4 protein chains.
Amino acid sequence: MRNFESDNTSGASPEILDAVARVNAGSAASYGADEVTAGLAARFADVFEHDVTVFPVATGTAANALSLASLCPPYGVIYCHREAHVSVHECGAPEFYTGGAKLGLLDGAAGKITPEALAEALAAVWRGSEHMTQPAALSLTQASEFGAVYTVDELAALCDFAHAQGLRVHMDGARFANALAHLGCAPADITWRAGIDVLSFGATKNGAMAAEAVVFFDPELADGFLYRRKRGGHLISKMRFLSVQLEAYLEDGLWLRNAARANALAARLAAGLAALPGVTLDAPVEANMIFAWLPAALVEALVADGFRFHVMGADGARQRVRLVVSFNTEEAAVDAFLAALGRHAGGAQAAG
Amino acid sequence: MRNFESDNTSGASPEILDAVARVNAGSAASYGADEVTAGLAARFADVFEHDVTVFPVATGTAANALSLASLCPPYGVIYCHREAHVSVHECGAPEFYTGGAKLGLLDGAAGKITPEALAEALAAVWRGSEHMTQPAALSLTQASEFGAVYTVDELAALCDFAHAQGLRVHMDGARFANALAHLGCAPADITWRAGIDVLSFGATKNGAMAAEAVVFFDPELADGFLYRRKRGGHLISKMRFLSVQLEAYLEDGLWLRNAARANALAARLAAGLAALPGVTLDAPVEANMIFAWLPAALVEALVADGFRFHVMGADGARQRVRLVVSFNTEEAAVDAFLAALGRHAGGAQAAG
Amino acid sequence: MRNFESDNTSGASPEILDAVARVNAGSAASYGADEVTAGLAARFADVFEHDVTVFPVATGTAANALSLASLCPPYGVIYCHREAHVSVHECGAPEFYTGGAKLGLLDGAAGKITPEALAEALAAVWRGSEHMTQPAALSLTQASEFGAVYTVDELAALCDFAHAQGLRVHMDGARFANALAHLGCAPADITWRAGIDVLSFGATKNGAMAAEAVVFFDPELADGFLYRRKRGGHLISKMRFLSVQLEAYLEDGLWLRNAARANALAARLAAGLAALPGVTLDAPVEANMIFAWLPAALVEALVADGFRFHVMGADGARQRVRLVVSFNTEEAAVDAFLAALGRHAGGAQAAG
Amino acid sequence: MRNFESDNTSGASPEILDAVARVNAGSAASYGADEVTAGLAARFADVFEHDVTVFPVATGTAANALSLASLCPPYGVIYCHREAHVSVHECGAPEFYTGGAKLGLLDGAAGKITPEALAEALAAVWRGSEHMTQPAALSLTQASEFGAVYTVDELAALCDFAHAQGLRVHMDGARFANALAHLGCAPADITWRAGIDVLSFGATKNGAMAAEAVVFFDPELADGFLYRRKRGGHLISKMRFLSVQLEAYLEDGLWLRNAARANALAARLAAGLAALPGVTLDAPVEANMIFAWLPAALVEALVADGFRFHVMGADGARQRVRLVVSFNTEEAAVDAFLAALGRHAGGAQAAG
């Protein structure tokens, strides 16, 4: 499996599939009234050291859009990175779920927003004027779309500023586990303790079949969420099959083991790439994704070797590539990639 | 398991769970570009003897609302039965996905709509006048919310009339297999041959974990569906886990076996009930659901016996109950229920 | 002008046109920051004996839809009469502005809702269940779509019940002045004192060119109204031309004089009709509208005489007609109509 | 009146007020079925030398948002200038009316878009991929938000490119008359002949009280417009009062006289400003608006003289100001401003 295209191409952790099979026995109350779902709040509260309101959904786009609709009125603005998934790759889901709110796009290195960028955007808004949509929320992606990770301090600074400006803060945690594994801190440190109000807690990319959780740290914000989820078609009737994925994901640290493994393999790949002449990493490799500029000849050679990854753009004789390591990427695939890099290094250097 | 509450409380067919486990091997393209998903169009075309465009989604509400949004503009009216799931139990999903269309509510025995009821509603509309929302679609539920089944002729008459009036026709087939098993006809007979334009093809209630398919018989109507599904948050990233449920569901007639079994058990229950003094069936029992008026004392006695079912209302000393049989309801549970009826018949008679 | 079709076919009161011409002098701050607009709050507060938040808009549909969007979330239900303008004749404006809420349709004589009808509808709702849209508001029309007027006590009873059930109450006052002129009470008596939370205060039908006001009696409910109005395209740039219509409308009792005049002429028409054999009034004539069943021959004769009015339906040899008297309907037209009735009485009787 | 704040602070042309008063006589069919409204299509067809479908509305925001909703599905993108009114100053009206479409923001000098900027934005879109909202429309503002005017060739180039890319083109013509007066060409030259599909034809800023017209050059695009307008609350009941403003506006060239006068006065102001040391015009002054950088001391002196205008920003010792000339700005006000510039020139130079 020489596939580094996406962490969505991997399957599910065996532990999670086993849990799904186990929960099939007998009957269970539908629509989330089952015991597994009921138990999730306590599990998440334990993980986050905080009372939480938890809503399982099947996709990250649903988690994000429903979260944002809880934070932003139709006439509001949600600030996010210009390359954020919610802006670029969800086909307008936030606009749909909020009833037509705007996304305010911010620039920032490696997919990370700074308080300065947010401040600059806010300075252009006439607060309280009906002529303009009004700032309502900030959405951060942790780990970022380019594989970088916000530090605890960065998050706290952003949330403090956003709150001072009257914004609520959402975290798109599609790769939350990878960020956490990188930082080695407590889940609370990069969520409510830093000031996050709502988290899209991702499990799908890191080992589940289709399971995400919207986690509210302030239960008042969850008002109306139940109805928005249902009318969005996201209330799963046999909910236990979804909830048990989250249960198994959190069980015995599976989620962190999976993420740490992917991060470590990504770091090995990154180190191998960075050592090559003519190669530049485009963002710090802190999670399970690598963005890098490679000589076109090297890209061609790797493709010829059967490696699969995304080419995101080109600039003269160099190409920008994205490699993603999944929780179950085989070590052998990484070894093979590194070996190939070694073989091609000379040619790459010549072409670089 | 003396549970007759819902076909959503049952688990999944072992064949479907096995297929899910099998598809986990290796990696697969994400977001529906995998081979299992690609194969669904041919499988459904085979089942329906017609070219179809098929979109898997995880919930029936999503299937219905996305279907209806393909048929009805924001200023349109979707006619449906007053008790239709899309009207009563989806928390406004059709209104949300259409951008604020109206549901026009029609009466009709046993949850079934007649051309006459539709004609009467249409007569009150000023066609082409901007003051009124305009008729756009008809949504039928097969089997109906009360367990009745439209015949082939009934469907054809309804679709013919609706088409003549410029409406498109959607079928909510949450229990499509149960209807089909009852009629013993071809799937085509109660869909495109009768005039159905779009079908919400349900699998969840009849053996899947969470899998429905939106089936378009006219591909032009599917324009924009991809985008609406994605912005609704209903594009599953590891789609093969969803698609394979549909594949297994259709494999070797599993879906029809499951439905026929549930129908047969429901028929046994219904016969037992109907034979009792003081009991009236509220709708023909043609699928896997029974709606009946029972003496309150009998209801009480059955509950005391540990049987679980929904009490939907009361009228003097009688209560209206709903019993639903699942694909995997144990024969023993039905036997026990019938035996209990026998034991309580005397008391019920006295109270009736 | 033998036209009894609508109070929208009349022009504007000269006093209002004069005020519009007067306000044209000089320049004025735009978008409602002008002095005329600023003065409206005090004028309305004076009229209603209560602090109010007032927003001028150009149409009744805008007033209603924006009001309702302030009271009802996208997943809410607004209860109204089955024949209410907001339901039948606004092409889904409430659904559009609320983001897809539902209208719950209630029956009731003469276009008036009773607490009993509301109670029955509420009894079918699972309060707090995500499967159903949730009751949020009640919308009453005063005078009703059929020309009847709620008494002070009727309004109080409805509002009390609605509030007890957690609903907010909106009044569609497109013909508010006509209702008030009929009752002879204070504006406060049929609004906030009775429990109305928001009023669509109509002026257009009763003498303005295009001017309505949304009047909030609880300023907290107006949160977000400014933004909804602007994004609905209803913030008029040269607002003084709109506001001055409302100012002139309220000046020296113009509004009540206009309404009283129309009511009185309508009463004369109604008395003339009711005295005829074969004629039945369909609703009490308490405002400026008459709904009546007439012998078809009489309808034909009146049309032949050049009278214009709406025929709403037929039942055998009788037709249901609507006659509307405007603030500036000529007395001579009413005299002529009554004279014609006298002439045709014999023929009508024969046909009746 | 030393007021250069906005062309919305001016009143209405006497010819238009007279027409409004005249149309008040007698009664007229409501909701646009009157003769004045019926005559608008022919008048606009005459002006534009092309069959057109015309819809009067009361505000520019309504005209724009309703137009864009006719061109763009909820999952579409409307490209416009980053500073376009539709993006910055309509509180999300396009998002609301389209059901949550996106605005794609383009840069460009003087508020004008280039085909290159559009091409660059389109290059980043995965056409046909459900992950991304899809390009649907281009919206141009003529004259631009900064008072510049697209030439005939510039428009043709933009429309040709947009059409080749599958986009429809909308023109926000809030100051269409000013642009036309500047170019001296036929209205057709900068609309359908250049490729414009829909025009928001503004009259309010240039002499009407509250009147705009949506002009479709391709009637098929107007499908559904009637319903969208009504459910937006923008169907005026006594429509003749709105339509007659447009009629009078076009009568005997009033619209072009008004615009030419404002343009000429703006040009005088601009020449006076440009001649001063330390003053830089920020955009070509081609319509009735001036954007310029002035020494802060000069701004202060002018304000002290009683001149009113908007200060849009500051950069060191210079301030960016906007001056707008209305159709009825007094010549004396312009003379006075120029005289004041002369007086302050020395001081400004010193400060500059």
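Here are some residues: D:G224, D:G233. Which one is surrounded by fewer than 24 Cβ atoms within 10 Å (Cβ to Cβ), closer than 30 Å to C:E90 by Cα and small (G, A, S)?
The match here is D:G224.
Tell me which residues, restricted to the range C:98-120, are open to solvent by less than 30 Å² (accessible area, probe 1.4 Å), over 16 Å from B:A93 (Cα atoms) and assigned to a helix (DSSP H, G or I).
Within the range C:98-120, C:A110, C:G111, C:A117, C:L118 qualify.
Would you mention how many residues in the range B:9-33 are open to solvent by 20 Å² or more (accessible area, probe 1.4 Å), assigned to a helix (DSSP H, G or I) and among the aliphatic types (A, V, I, L, M)?
Qualifying residue count for the region: 3.
Test of understanding: among A:E247, A:E300, which residue is charged (D, E, K, R) and farther than 30 Å from A:H170 by Cα?
Step by step, each of A:E247, A:E300 is checked, and only A:E300 is charged (D, E, K, R) and farther than 30 Å from A:H170 by Cα.
Give the residue that is nearest to B:H81 (Cα to Cα), with candidates limited to residues of the range B:133-154 that are open to solvent by 20 Å² or more (accessible area, probe 1.4 Å) and part of a loop (DSSP other than H, G, I, E, B).
Restricting to residues being open to solvent by 20 Å² or more (accessible area, probe 1.4 Å) and part of a loop (DSSP other than H, G, I, E, B), the top hit is B:E145.
Answer yes or no: is there a residue in the range C:207-221 that is open to solvent by 30 Å² or more (accessible area, probe 1.4 Å), in contact with a helix residue (DSSP H, G or I) (Cβ under 9 Å, 6 or more places away or on another chain) and in contact (Cβ under 8 Å) with a residue 24 or more places away in the chain.
no
Can we say B:V198 is modelled with pLDDT of 95 or more, under 30 Å from A:E212 (Cβ atoms), of a type in the set (V, I, T) and touching a His at 6+ places or on another chain (Cβ under 6 Å)?
yes
Here is a check on your reading of the model: is B:S6 at the interface with chain A (Cβ under 9 Å from one of its Cβ atoms), over 19 Å from B:W192 (Cα atoms), in contact with a strand residue (DSSP E or B) (Cβ under 8 Å, 6 or more places away or on another chain) and open to solvent by 40 Å² or more (accessible area, probe 1.4 Å)?
no
For D:A186, indicate whether it is farther than 30 Å from B:G232 by Cβ, within 14 Å of chain C (Cβ to nearest Cβ) and either among the small types (G, A, S) or surrounded by 24 or more Cβ atoms within 10 Å (Cβ to Cβ) (or both).
No; evaluated as a whole, the condition is false for this residue.
B:P277 fails exactly one of the following numbered conditions: (1) over 19 Å from B:N8 (Cβ atoms); (2) touching a residue at least 24 places away in the same chain (Cβ under 8 Å); (3) within 14 Å of chain A (Cβ to nearest Cβ); (4) in contact with a strand residue (DSSP E or B) (Cβ under 9 Å, 6 or more places away or on another chain). What is the number of that condition?
B:P277 satisfies every listed condition except (3).
Just give me the residues in the range A:261-274 being open to solvent by 50 Å² or more (accessible area, probe 1.4 Å) and either in contact (Cβ under 8 Å) with a residue 40 or more places away in the chain or β-branched (V, I, T) (or both), in sequence order.
Across the range A:261-274, the qualifying residues are A:R261, A:R268.
Count, please, the residues in the range D:42-94 that happen to be within 9 Å of another protein chain (Cβ to nearest Cβ) and either open to solvent by 20 Å² or more (accessible area, probe 1.4 Å) or part of a loop (DSSP other than H, G, I, E, B) (or both).
11
Criterion first (facing another protein chain (nearest Cβ under 9 Å) and either within 30 Å of A:V303 (Cβ to Cβ) or of a type in the set (F, W, Y) (or both)) does A:N24 satisfy it?
no
When the residues of the range B:236-266 are filtered to those that are closer than 30 Å to A:A63 by Cβ and in contact with a Ser or Thr (Cβ under 7 Å, 6 or more places away or on another chain), which remaining residue is farthest from the other protein chains (Cβ to nearest Cβ)?
B:S243
With A:A84, A:A101 as the choices, which residue is touching a helix residue (DSSP H, G or I) at 6+ places or on another chain (Cβ under 9 Å) and either farther than 28 Å from A:F291 by Cβ or of a type in the set (S, T, N, Q) (or both)?
None of the others qualify; the one that does is A:A101.
Tally up the residues in the range B:95-113 that are within 11 Å of another protein chain (Cβ to nearest Cβ), in contact with a Leu (Cβ under 7 Å, 6 or more places away or on another chain) and either farther than 20 Å from B:G166 by Cβ or in contact (Cβ under 8 Å) with a residue 40 or more places away in the chain (or both), please.
Final tally of qualifying residues: 1.
The values are calculated or read from the model by the stated rules, or taken from the named source; none is laboratory data. None of these values were measured; they are calculated from a predicted model. With ideal geometry, Cβ positions are generated from the backbone for all residues, glycine too; neighbour counts draw on all protein chains shown. Side chains included, ligands, DNA and RNA excluded: accessible areas come from the protein's heavy atoms. Shrake-Rupley method; radii C 1.70, N 1.55, O 1.52, S 1.80 Å.
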